[in-house]
Each structure stands twice: as structure tokens, then as C-alpha cells.
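Report on the structure given below.
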Amino acid sequence: MHTTLTPPESSKYMRLNLGPSHPATHGTLRVFVELEGEIIRNMKLEIGYLHRCFEKMAETHTWNQVIPFTDRLNYVSAMMNNVGYVMSVEKLLGIEVTKRCQRIRVILCELSRIIDHLVCIGANAVDLGALTCFWYFFRERENVYDLFEALCGARLTTSVTRVGGMYQDLPEGWLEWCRKVVNHMPRTLDEVDTLLTNNRIWIDRTKGVGPISKENALEYGFTGPCLRATGIAYDIRKAMPYYDYDKFSWNVVTQTEGDTYSRYLVRMGEMRESLKIIQQALDDIPGGSVNVDDWAICLPPKDQVYNSIEGLMAHFKLIMHGIRPPVGEVYSCTEAANGELGFYVGSDNQGRPYRVRVRPPCFAIYQAFPEMCIGQTVSDAVATLGSLNIVAGELDR
Amino acid sequence: MSEHPLTVSNEEADLKNVAFTTRLEDFINWGRKNSLWPLPFGTACCAIEYMATVGSHYDISRFGAEVVRFSPRQADCLLVLGTVVEKMGPILKQIYDQMLEPKWVIAVGVCASSGGFYRAYHVMQGIDNIIPVDVYVPGCPPTPEGIIYGMLKLQEKITKGGIVRVRDRHKIAR
Amino acid sequence: MLETDIKLLANILPHLPQAIQSQILAVEEFLAETTLTVRRESLRQVIQFLKTDPNFCFDVMMDLFAMDYLKYVPETPERFAVVYYLVALLQNRRIRIKVFLPEEDPTIASIHDLYKAANWFEREAWDLYGIKFEGHPNLVRILCHAEFEGHPLRKDYPSDRYQRLKTTTSSEGL
């Protein structure tokens, strides 16, 4: 005898909790889904599992002491956060850093962008079962880490910038070393290109998965690779060029589909464009100091501190009272690996920021995640999440 | 023709070639320490360094701890990698409770050890507020060498410990 | 960026319809950034105009956050403010809209239906500053844990006042 099972409406869907400790949610994201068979019918997100109170911490530290906290926003590419933050303070102070400092910051930012994309694509591939690319990419990442370590002693959390300049000038031989690392990188990119780009399985798992339309992407405030994957060629480095980005020859990489595969292609393309920028920047590094010549902002050179009363006083004042930007509020944004990273800083002419607001690119992007996944399977959601590159430190701050 | 080496003869001299004596405790601990199955509870920056530790350059499999498991029931070494905030606390506790004995915990990085420089309204000041910790690894984040050193320290601890771990050895009131 | 923003100020603002202009309390230009201070009641009207009018086309809401001016030295009209940051991608223009809210009633109309992005940003402003967004479909805490009391980013909340979670299960929200 056959009886059809018709479940009551309330139990039509199966409820499932993914995360926060789930390999596919990268640590701190929590997703509730309602499933019909394997199809996601409803999705709810919970964040805040890494809310480390960045904005409050910034208010209780001096302007330069905030820099280590910015490292830990998007910890995959810490240098870009360093640069983004000091840029906003420098804007408030009304100073322009030296050309040499700008060029070094460009090189470091682009290196960071590359290693960020390496982790994103590598982890995305691991989530879909392709472990090899991850090993290849981490070999490259280690090379860049070595460069960072030589520069500032830290691999990940670099704190390499200071308001008005850098922590120090490049060590001897760093540029040649950097060139070597950069020259080696295309080989790895080619290897992964051959492994993934035309791979039947990779295409089947990512093409048409987690798509978002142009209009929706704008509604949700998408920026960065996820926006460019939908076909909008918006890049702050082109739209509001800072640090002479407009003087380098490079292209904004776009795709049209807005799906996981497009986001992968955009990231791959961007790494090659970043390599172009680094190579051009390495060819032409101006000499001179990395710090602005203003002892109210940058520490005086050590021999001045030890041998002159002015230097000693400037050093003392800067360490004890810190920088005092004028009263005002500014917003300054940079193109970080995930999109527009904005810092809104408010000052009331004290040694500490009155307010530091971060505009995290992930926050806007992750909000659209349910819309991208409803109607697809759980495994598609995993593929999509990996391609969005949600970094919890930046999402929850 | 000589006898096959595995043939057990009555003579003691032959036995020495095919067997060794040890204490059961040492033998089991030797096995345990060289096949730790870690569960990376990665929340923040330290998790990226752990990825590097597992990665091709540092290769944690040299120390027998490369079988990363995300199910607490299959793991015996909980690695807490990164800041644990108050909202995350119950989840960490739940995962620890779900792990079977014997189990060990490594707090990787200053955030997991003590809250680090986040003396803030939402950050737990060290995971030892809620679960017992065997090894603390300093650093923000620790280098992969540091994480490996922490692993080795844990192996040392396992060698020295008994076989039976009392479940409620570290009862921590919450 | 400098030129476009200045152009916006010099050329476009006078072209605003009278109905919108009368809702703008102040126009401030600081370091090439334009800030409009808008009446609280007419925020939605102004933002809707800026979004839909073909001359402006502010199609992206880049940021939304609150400010607490309790200890700010130049005195502000009210204690709280909500700041909206709109961007017109194609024209490459940016504008900031500020609305002051009184301490006793920090309430403002929600714009979650005008920009989908506003939903979480408004929840965050509620969580951290206690700004009430009228008409928001789900105005609950987003970053802090569910039992958190008070709004931590307000200037009268000490940065290290840590609040423990009382429930020890992690299944809330299921």
C-alpha cells in the first residue's frame, strides 16, 4: 500500500546550522539555512563572533598606537589597512608623504593584494576539494612573508606605516630581493591557471554559482573584485587615484557574470595587474627620506635626539603627547583587496582620535550572501562563500 | 642455514633480537604524542599562521600532527587560534566538551592566552576562563616556528603524563 | 577627486529643487569633502531624491554610522549624529549627509528600503550607539552578544567594562 507523506507546513523545510566552527565558514561566520532536500530556501546570518571592539580601542590609544589594531582588521593583507588608516590621518593633518614613501607604500599594498588573493583563491579551492593550488600558493605567500619579515620583523601583522611616513626605510638589498620574488610569481600563477581555469570540475562547481546582478551589487554596496565581477569597472585606484596610481600602466580587470567563476577570474587577473604595477614601481624609486620633515608628526632621526636639544624635545613631545591633528572629520578610502576600505576619522585636537570608523568592504558584501544562495545547494553556498573572501576581523572589527 | 629471524626460540639471546620491554604507559604515550589529531579552532589572525604551519613550507606533518579534523569527536588536540570574544565562548566550551578523552588544548597567540592587547568590552581575557589549557604559545601572531614549538612542548607534556587523565582534573567554575 | 567634489558644491547644489534645499540646514566643505546637514524629519526625502534624480544618481550607499559628540570640544547641536555616505559611481561623486539626533530621543527613519545595504549598517548603529531606526524590520544586536546591556561605543561607556554571557549554550537563534 502506498501512502504519500505530506509533512505539515512547519516541518516542510529542514533547518540546519553551519558554523561558527565549521571548516567552510572560515572560523567565525554562522549561517542558518532552511533546506528543501538539498536546496536552500531560506538563510539567516549571524555575525559578531570576532567583534574585537576596534573602534572603541582606537579611541583609547594615541594616533600612532591605533596602527597595530588596524593590522588585525583584514589580517590577510595587513599592510593595506596600515596604509588606509594613516592616509586618513595624513589627510586630516593636511600633509603629503614623500614620493619615496608613496612608492614604497604602493609596492607593499600591491604585494598585500596579491597575497590576499592567493589566500582567497587557495582557500576557495580547498573548500571545493582542490588542495594542490593551496600548497602552490602558500609557497608564494611564504616568499612574500620573507620580504615582509626582512622589512619589519613581522610576517602577518606588520604595523609598517607611521603617520607621515614609514616605520623605517627599506633594508639594503630589499628591492632586488623583491624583484626576484615578483619575477617568480607569474610561474605559480600560470601553474594554478592550468590547474583551475579550464578545469571541467572547477568550472562546473563555480560557473553560475552564487551570482549577483549589477543592480543588486550596487544596492548592497559591493566594491572591489566582487563588484568588478559583475561588470562594473570601478576601482578607487583609477577613480580617485592616490599615490600616483594613475601614472602606472595597468588595467581594471572585469568580468560580466557576477558568479563565483567570474570572481575567481577577476582575482587571478588582478594579481597579474598588481605584478605589473610593482614592476613599474620598482623601476623608479625616488631617493630621499621616507618620513615627512616635520618633527611634530614624525620622530626626529636618532642622532638628532641624542645630540640636539630640539631633537630630544620633539621626540619627548611626540612620544608623550602624540600627534594632534586639527579639529575635523575626514573620510579617506583606499582600494583594499576586498574593496573600498574607508577610514572616517574625527579629531578634537587631542592626542587620541575622537572617533575612528572603518568602512569594511566585507560587511556590505556578506550581507548579500543569502540573496546569492537561495535556490542553490549547500555545496554551492560553500563555493560562493569562499569566493567572497569574507575576513572576520574586518567584518566584525 | 640460519633460522628465520622472527622465529621465537627458547634462548634468551634470540628474544632480545625480536622484542623489547617498556612500560605500557610509555608505549601508549609514545603513540599518542606522535599522532596528535588537531582541531583548529581558528578565529582570527593566528589561523592564517596555522595555515602556513600546515602549508608546504613548514609542514607540520613532520611532527605527526597533520591530520586536521574539524569534528571534535575525531580530534584530540584543540588548537585555539585567535581572539575568542564573549559571544564565541559558549561555542568553544561546547566543542571542548564534545571532544573525547584524552584531549589537550593549546592556546595559540596572546589573544587566546590572555586577551592580548584587546582589553575591551567584548573580548574574553584568555580562554582559560572557560576551558583548561595545556600549552600557551606567545606571539601576536606566533610564527609557525612558535606554533610548532608549542606542539613539541605538548608532546613533552604527553610523554611525562600518565595514561589516565582524570576528566574533571581542571574543573573550572563559570 | 578634488575638482569633482568642488564642482558638485559650486554647480549642483543650487540646482536642487526648493523643496529639498529647504531641508538642508548646513553645507560644509572640509578638505574637499561635502557634508550636508539635513533636518531629521526629511532625511528619507533627501536621500530618495539624491538616489533617484537623474542628475545625481547616488546609486551606492557606501557607509552609514553614528557619532556620539558627548565630549567633543566644538559644541554640536545635539549629542548624536548619524552619517550617511553616498557615492555616485558613474559620475564619481561622493557626498556625506549628517543628521543630528537629540540625546533623549535618538530616533530616525530607516532607509533599509532605499538601499539594501542599510539594513546591517543600521543594526550596527543600534547595537553600538543605541540609535533607533523607525521602520527597520529587524532592529536587534548584530555584533555584541544578545545579553549585552547598554551601547558600548557611546562616550559614557568605559572601554573595558566587560559583560559576561550568562547562558552557556550556543544554540541561540536556532
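Quick notes on this one:
- Checklist (1) modelled with pLDDT of 85 or more; (2) more than 21 Å from residue A:26 (Cα to Cα); (3) part of a helix (DSSP H, G or I) applied to residue B:36, failing item: (3)
- The set of residues in the stretch A:46-69 that are more than 30 Å from residue A:161 (Cβ to Cβ) and either away from chain B (no Cβ under 14 Å) or touching a Cys at 6+ places or on another chain (Cβ under 9 Å) (or both) is empty.
- Extreme residue, nearest to the other protein chains (Cβ to nearest Cβ), among residues of the stretch B:56-82 that are more than 21 Å from residue B:130 (Cα to Cα) and among the β-branched types (Val, Ile, Thr): B:68
- Output for the stretch A:16-60, where each listed residue is modelled with pLDDT under 85 and assigned to a strand (DSSP E or B): A:16, A:17, A:18
- Segments classed as helices (runs of 4 or more DSSP H), wholly inside the stretch A:198-245, with at least 3 members that are β-branched (Val, Ile, Thr): A:200-206
- Of all positions in the stretch A:319-327, at least one carries a residue that is away from chain C (no Cβ under 13 Å) and in contact (Cβ under 8 Å) with a residue 40 or more places away in the chain.
- Looking across the stretch A:27-45, just one residue is facing chain B (nearest Cβ under 8 Å) and in contact with an Asp or Glu (Cβ under 9 Å, 6 or more places away or on another chain), and that is A:28.
- Of all residues in the stretch C:109-131, those satisfying the criterion of being touching a helix residue (DSSP H, G or I) at 6+ places or on another chain (Cβ under 7 Å) and either within 10 Å of chain A (Cβ to nearest Cβ) or among the charged types (D, E, K, R) (or both) are C:114, C:115, C:116, C:117, C:119, C:120.
- Pair list, Cβ under 7 Å, 6 or more apart: the stretch B:91-113 residue in a helix (DSSP H, G or I), other residue of a type in the set (Phe, Trp, Tyr): B:92/B:41; B:95/B:41; B:111/B:118; B:113/B:136
- Some residue of the stretch A:225-235 being without any contact (Cβ under 8 Å) to a residue 24 or more places away in the chain and out of contact with any Leu (no Cβ under 8 Å at 6 or more places or on another chain): yes
- Scan of the stretch A:298-312 for residues that are loosely packed, with under 14 Cβ neighbours inside 10 Å and either hydroxyl-bearing (Ser, Thr, Tyr) or touching a residue at least 12 places away in the same chain (Cβ under 8 Å) (or both), ordered by number: A:306, A:308, A:310
- Search result, residues across the stretch C:88-115 that are within 14 Å of the chain's Cα centre (by Cα) and closer than 21 Å to residue A:216 by Cβ: C:110, C:111, C:112, C:114, C:115
- Criterion: within 12 Å of chain B (Cβ to nearest Cβ) and aromatic (Phe, Trp, Tyr) - qualifying residue of A:85, A:75: A:75
- Scanning the stretch C:127-140 for residues that are under 15 Å from residue A:363 (Cβ atoms) and without any contact (Cβ under 8 Å) to a residue 60 or more places away in the chain returns a single hit, C:127.
- The strands (runs of 3 or more DSSP E) located wholly in the stretch C:1-117 that include 2 or more residues which are modelled with pLDDT of 90 or more occupy C:60-68, C:80-88, C:93-101, C:107-109.
- Test result for residue A:242, within 14 Å of chain C (Cβ to nearest Cβ), at pLDDT below 90 and within 21 Å of the chain's Cα centre (by Cα): yes
- Of the residues making up the stretch A:284-341, those that are among the hydroxyl-bearing types (Ser, Thr, Tyr) and farther than 30 Å from residue A:75 by Cα number 2.
- Among the residues examined, residue B:85 qualifies as more than 11 Å from residue B:38 (Cα to Cα), within 10 Å of chain A (Cβ to nearest Cβ) and either aromatic (Phe, Trp, Tyr) or in contact (Cβ under 8 Å) with a residue 24 or more places away in the chain (or both).
A quick yes/no check of all residues on (1) among the polar types (S, T, N, Q); (2) within 13 Å of another protein chain (Cβ to nearest Cβ); (3) surrounded by fewer than 21 Cβ atoms within 10 Å (Cβ to Cβ); (4) closer than 27 Å to residue A:201 by Cα:
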site: A:71; (1), (2), (3), (4): no, yes, no, no
site: A:99; (1), (2), (3), (4): no, no, yes, no
site: A:110; (1), (2), (3), (4): no, no, no, no
site: A:116; (1), (2), (3), (4): no, yes, no, yes
site: A:122; (1), (2), (3), (4): no, yes, no, yes
site: A:150; (1), (2), (3), (4): no, no, yes, no
site: A:156; (1), (2), (3), (4): no, yes, no, no
site: A:161; (1), (2), (3), (4): yes, no, no, no
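Yes or no, residue by residue, for (1) in contact (Cβ under 8 Å) with a residue 60 or more places away in the chain; (2) surrounded by fewer than 19 Cβ atoms within 10 Å (Cβ to Cβ); (3) in contact with a Lys or Arg (Cβ under 9 Å, 6 or more places away or on another chain); (4) aliphatic (A, V, I, L, M):
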| position | (1), (2), (3), (4) |
| --- | --- |
| C:22 | no, yes, yes, no |
| C:27 | no, yes, no, yes |
| C:47 | yes, no, no, yes |
| C:54 | no, yes, no, no |
| C:71 | yes, yes, yes, no |
| C:76 | no, yes, no, no |
| C:82 | no, no, yes, yes |
| C:91 | yes, yes, no, no |
| C:100 | yes, no, yes, no |
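- The set of residues from the stretch A:243-272 being charged (D, E, K, R), closer than 19 Å to residue A:334 by Cα and crowded, with 19+ Cβ neighbours inside 10 Å comprises A:267, A:270.
- The listed residue being more than 9 Å from chain A (Cβ to nearest Cβ) and assigned to a loop (DSSP other than H, G, I, E, B), out of B:21, B:53: B:21
- Only residues that are in contact with an Asp or Glu (Cβ under 7 Å, 6 or more places away or on another chain) and more than 27 Å from residue A:264 (Cβ to Cβ) were counted across the stretch A:326-343, and they come to 3.
The values are calculated or read from the model by the stated rules, or taken from the named source; none is laboratory data. All figures in this text were calculated on a predicted structure; none of them were measured in a lab. When we count neighbours, we look across all protein chains shown, and the Cβ atoms used for this are built from the backbone with ideal geometry, even at glycine.
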